[in-house]
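The values are calculated or read from the model by the stated rules, or taken from the named source; none is laboratory data. Note that the coordinates shown come from a computational prediction; the quantities given were computed from them, not determined experimentally. Please note: Cβ atoms are built from the backbone with ideal geometry, for glycine as well, and neighbour counts cover all protein chains shown. These accessible areas exclude ligands, DNA and RNA; they are computed on the full protein's heavy atoms, side chains included. Shrake-Rupley method; radii C 1.70, N 1.55, O 1.52, S 1.80 Å.
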Amino acid sequence: MAKKTVSHCSFCGRTEAQGATLLPSPLEDAHICLDCIDTAASMLGLIDDDEQSQQRATIARAKASNKNKGACKGEENLAKPLPKPAEIKDFLDQYIIGQDQAKKYLSVAVYNHYKRLAQDKGKNDVEIEKSNIVMVGPTGTGKTLIARTIARMLDVPFTIVDATVLTQAGYVGEDIESLLTRLLQVADYDVEKAQKGIVFIDEIDKIARKGDNPSITRDVGGEGVQQGLLKLLEGSVVNVPPQGGRKHPEQPMIAVDTKNILFICGGAFDGIEQAIAHRLNKSFVGFSTDEATRRIERDSYMSHVAPQDLKTFGLIPEIIGRLPILAHLLPLDRSALRRILTEPKNAIVRQYVKLFDMDGVKLVFTEDALDYIVDKAIEFKLGARGLRSIVETVMMNSMFDIPSTDTKELVVDAEFCASQLESAHFDVNAV
């Protein structure tokens, strides 16, 4: 019986039993280990010592977490009570005004995600699939805020990434796998923990293709990115560069399974109302004796959004099918904007009251000042972000001057707001 030969590195002589990861050569019985590859790359100036040590430390942490993943079968998730959908929504209500339907959708999705993580893997009678989500709504209606607020109460890794920087592999920009690099960083490179995380992909509408028909040219930042996202959303094992950036053959990779990662996508989809109106056989153009009625109809179009509207906007059918839950966010009306100013825990008025209180100054906003700010925010059509822009402009001079004075109280009324906006050359008549 022939004696089995033990493979070893042809440069340093280490074997796999000694911890070496060997790559075979076309030559017979010739191998090279990753250590020798890194050493050669460092000598040739292809990689510096700091980058090499960082990559080694990252891979070591990832390997250590993979060795220990057999010990965690979901029991740690069962030990802590799962937050019920109503409890999640109640927490969201403390920070987000309105958008009840979207908050319900997100609450149920996160709750089911928790239950999937706590599922007994020994019972294979029913396999629970994840339900990725896409949120559609105008800018400033709370899409990103909902995602950030959910992150506050979760025990799973959560990260928010931007789809606008993604391109197809080989082009300027970031690889699609960089989405998972952010998740790994949040999980401190614990692969098992990252594989149970949640990723919020913002600005998903910015990667829509430029028409309803398939592109005949290479769309590296649009349709190409959508196609690259398919395997991540569906669930597959993806090789992720530990330090982000572009992948290259000599770089060590971390294998991440996206089967249990929940993806939440959000986008303004500016102009999708036209597709909805066309599908509903309505039109923005025309005469109406009741302008208020026509305005209500236009604002309610978003509540009728359907998957076919996303296809018309420029998302490919394959990615729409992998985002089965479609939630919409309606434009904020005057009453909602008024409540946003003062009610949430992170309301802009509360923030300024706290900032002035830290300087020993009592800040008071009158009712007419709040109404004035809301009216101007409606004119600018920027949603909740318009509120902050106006308040920041109104308070800028006071924030600069008052800390250097003995002022103990500041009252902000509508006249004060108008004067501050005018002095800042703020176009208060902009529509």
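What translational D, rounded to a whole number of µm²/s, comes out for the stretch 365-409 from Stokes-Einstein when the hydrodynamic radius is the Kirkwood one over Cα pairs, at 37 °C and 0.692 mPa s?
282
Just to verify a number: what accessible area does residue 233 come out at with the full protein assembly present, 1.4 Å probe, Å² rounded to tens?
10
When the solvent-accessible surface of protein heavy atoms is calculated with a 1.4 angstrom probe, in what order do 335, 300 fall, highest first?
Reading off the accessible areas and sorting them downward yields 335, 300.
Can you order the peptides 303-312, 109-118 by their average number of other Cβ atoms within 10 Å per residue, highest first?
Ranking the peptides 303-312, 109-118 by packing returns 109-118, 303-312.
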